[in-house]
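Engineer: Sharing a structure with you now.
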Amino acid sequence: MSGSYDECVGADDTMDSFWEVGNYKRAVKRVDDGHRLCNDLMGCLQERAKIEKAYGDQLTAWSKRWRQLIEKGPQYGSVERAWLAVMTEADKVSELHQDVKNNLMNEDVEKVKNWQKEAYHKQMIGGFKEAKEADEGFKKAQKPWAKKLKEMEAAKKTYHMACKEEKLAAAREANGKTEASVTPDQQKKLHEKVDKCKQDMLKAKEKYEKSLEELNKCTPQYMECMEQVFDQCQQHEVKRLTFLKEALLDIKRHLNLTENQSYGTIYRELERTILAANTQEDLKWFSNNHGPGMHMNWPAFEEYNPDQASAPPKKKKPDGAPPTPSTDHVAPPGDRSSVSSYEKNQAYSTEWSDDEQPASYSGNENGGNGGNGNSFEEDSSTPGKGVRVRALYDYDGQEQDELTFKAGDELTKTEDEDEQGWCRGRLDSGQEGLYPANYVEAI
């Protein structure tokens, strides 16, 4: 039984062999697979390009949003510049990822598409010329051997059937000798049947052996022809595999930002900007501009000066309108290197009392959100606060941060008068800005 089992295992191992009739189809199918794999690679790169673009767009949006928040926020000086440098890093890295996307689409995808077009030639009836040529070559190489194989299989079947008949006849003859009911004539006929079956079996065996011998004789030629066609398929496939390897190396080069000199430069510049932050200089600047280092006109005895009351106003005003206050609320040019734009847009009051507390930047300022609030976000409730006032005179704003209105117009005062005589307000159109406090009255 063990020998029989081994033969069955050996037969199973060869059933799927390349040399079996028709099994060359897998080699032909590889041509179609190669064309499809080119499409798959292009689809893969297109998806990656979308990811690169989306990441770059997200970096840009993130940088823009936080740059505005930082510029409006309370941070100042060289540390502010260092913080903003992180936004600059995001903008530059975003550009590099956009370049990756462009390289993938304009170079890598196009390269694969052009190679595919040159390597695979579609036929009008469908399929590819390369696959048809391979299929026809395999068929031609296999046809003579397949014919001999078919003849051998038929001879084998005939021989096996003859063996079966011979065994059945011998069994009947043996049974007839033991049965009394079988007459001598019947026994003679059974014996003759056995002899005839043996002769038929020997003839079938001879024919089977002869057909197998003929098949074996043409097998070397069959193998040689099949290998020649297969080598042609291999040559086409080696071109595809070689191209694919080169294409993947190009893709790797485009994806690997560490090989891009600009990428390293971005982080060297970021590091230099951060290291340049000078804590002591920032503290000194704040002290000089918002602390004890500020200049102060201490109260001193002044004689009455009638000329001072009649001094001409600094701004043009209609007849009967009071003088406009000082324009010192405008930040001096070139001061942005040290002053946050948040300070430009705030009217700081020098008055303080026990009832007034400095604004808190804790995480609970936005409705007690348990630390989820952003200290840089504007309070959404601010636009709803204020006192309605009516303009007594026409006023034409002289600076970008000043309002313009006509006598009789109503607006909302959002911040009280500062020490220089300016109020902050909002027109009904939504525009916000500064205006002279003595140009309006409460409604």
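The values are calculated or read from the model by the stated rules, or taken from the named source; none is laboratory data. Owing to the predicted nature of the structure, the values given are computational and were not obtained by experimental measurement. Neighbour counts are summed over all protein chains in view; Cβ atoms, including those assigned to glycine, are modelled from backbone coordinates with ideal geometry. Ligands, DNA and RNA are excluded from the accessible area calculation, which covers all protein heavy atoms including side chains. Shrake-Rupley method; radii C 1.70, N 1.55, O 1.52, S 1.80 Å.
Engineer: Would you mind estimating how fast the range 18-294 diffuses translationally, via Stokes-Einstein at 4 °C and 1.567 mPa s with the Kirkwood radius over Cα pairs, in µm²/s? Intermediate values should be presented prior to the final figure.
Structural biologist: Values: Rh = 27.4 Å.
D, rounded to a whole number, is 47 µm²/s.
Engineer: Sticking with this structure for a sec: In Å, the Kirkwood hydrodynamic radius of the range 228-292 over pairs of distinct alpha carbons?
Structural biologist: 17.2
Engineer: Using alpha-carbon positions, what is the distance between the centroids of the range 252-306 and the range 193-235, in Å?
Structural biologist: Cα centroid of the range 252-306 versus Cα centroid of the range 193-235: 93 Å apart.
Engineer: Related question: Would you kindly state how much longer the chain becomes between ASP91 and GLU209 on full extension, computed as 0.36 nm times their sequence separation minus their alpha carbon distance, in nm to one decimal? Don't skip to the answer; put the middle values down first.
Structural biologist: Numbers: separation 118, 0.36 × 118 = 42.48 nm, distance 8.19 nm.
Stretched out fully, the ASP91 to GLU209 stretch lengthens by 34.3 nm.
Engineer: Tell me, what is the FRET efficiency for ASP185 and LYS157 to the nearest 0.05, using R0 = 35 angstrom and their Cβ-Cβ distance as r? Please list the in-between numbers first.
Structural biologist: Values: r = 34 Å, r/R0 = 0.97.
Plugging the Cβ-Cβ distance into 1/(1 + (r/R0)^6) gives 0.55.
Engineer: Another question, then. Provide the per residue accessible area, probe 1.4 Å, for the range 108-235, rounded to a whole number of square angstrom. Don't jump to the answer; show the numbers that get you there.
Structural biologist: Working: 9130 Å² over 128 residues.
Averaged over the residues of the range 108-235, the accessible area is 71 Å².
Engineer: Given a 1.4 angstrom probe, I'd like the percentage of the accessible area of the range 18-294 that is carbon and sulfur, rounded to a whole number. Display every interim value, and only then the final one.
Structural biologist: Working: 9840 of 18060 Å².
The computed percentage sits at 54.
Engineer: Can you compute the radius of gyration and Dmax for the range 1-158, using only the Cα atoms, both in Å?
Structural biologist: Just the Cα atoms of the range 1-158 yield Rg and Dmax of 30.8, 102 Å.
Engineer: Output the pairs from LYS25/LYS150; LYS147/LYS193; LYS156/LYS193 with a Cα-Cα distance over 27 Å in this structure; if there are none, say none. Could the numbers behind the result be given before it?
Structural biologist: On the way: LYS25/LYS150 19 Å; LYS147/LYS193 34 Å; LYS156/LYS193 22 Å.
Long pairs (Cα-Cα over 27 Å): LYS147/LYS193.
Engineer: Report the calculated FRET efficiency for THR279 and LEU244 (r = Cβ-Cβ distance, R0 = 56 Å), to the nearest 0.05.
Structural biologist: 0.50
Engineer: Now a separate question. Go through ALA82, ASN103, GLN116 and say which Cα lies farthest out towards the positive end of the charge dipole of the range 74-129; charges sit on Cβ, +1 for Lys and Arg, -1 for Asp and Glu.
Structural biologist: Projecting each Cα onto the dipole axis, the largest value belongs to GLN116.
Engineer: Please give, to one decimal in nm, the separation of the simple spin-label points placed at ARG172 and GLN420, each 7 Å out from Cα toward the Cβ.
Structural biologist: Result for the modelled spin labels: 12.9 nm.
Engineer: Give LYS29/LYS140; LYS143/LYS167; LYS177/LYS210; LYS167/LYS205 a once-over and call out the pairs whose C-alpha atoms are over 25 Å from each other. Mind showing how you got there, number by number?
Structural biologist: Numbers: LYS29/LYS140 17 Å; LYS143/LYS167 36 Å; LYS177/LYS210 37 Å; LYS167/LYS205 15 Å.
Result: LYS143/LYS167; LYS177/LYS210 exceed 25 Å.
Engineer: Past the 31 Å Cα-Cα mark, which pairs from LYS101/LYS245; LYS139/LYS217; LYS217/LYS245? Walk me through the numbers on the way to the answer.
Structural biologist: Numbers: LYS101/LYS245 20 Å; LYS139/LYS217 19 Å; LYS217/LYS245 42 Å.
Long pairs (Cα-Cα over 31 Å): LYS217/LYS245.
Engineer: Moving to a separate point now. Using a simple spin-label model with points 7 Å from Cα along the Cα→Cβ vector, what separation in nm is obtained for GLN234 and GLN46?
Structural biologist: 3.6
Engineer: OK, next. Leaving out ligands, DNA and RNA but keeping every protein chain, what accessible area does VAL28 have, in Å² rounded to the nearest 10, with a 1.4 Å probe?
Structural biologist: Around 20 Å² of this residue is reachable by solvent.
Engineer: What does the convex hull of the Cα atoms come to per residue for the range 86-174, in Å³?
Structural biologist: Taking only Cα atoms, the range 86-174 has a hull volume of 222 Å³ per residue.
Engineer: Over all directions, average the projected area of the Cα convex hull of the range 68-112 and note it in nm². Show your work: numbers first, answer last.
Structural biologist: Details: hull surface 13.8 nm².
Taking a quarter of the hull surface, the average projection is 3.4 nm².
Engineer: Moving on. Using only the Cα atoms, what convex hull volume per residue in Å³ does the range 387-442 have? Mind dumping the intermediate values first?
Structural biologist: Values: hull volume 3.9 nm³, N = 56.
In the range 387-442, the Cα convex hull volume per residue is 69 Å³.
Engineer: Here is a further query. Would you mind getting the Kirkwood hydrodynamic radius of the range 114-240 from its Cα pairs, rounded to one decimal in Å? Each step should come with its number before you reach the end.
Structural biologist: Numbers: mean 1/r = 0.0524 Å⁻¹.
Result for the range 114-240 stands at 19.1 Å.
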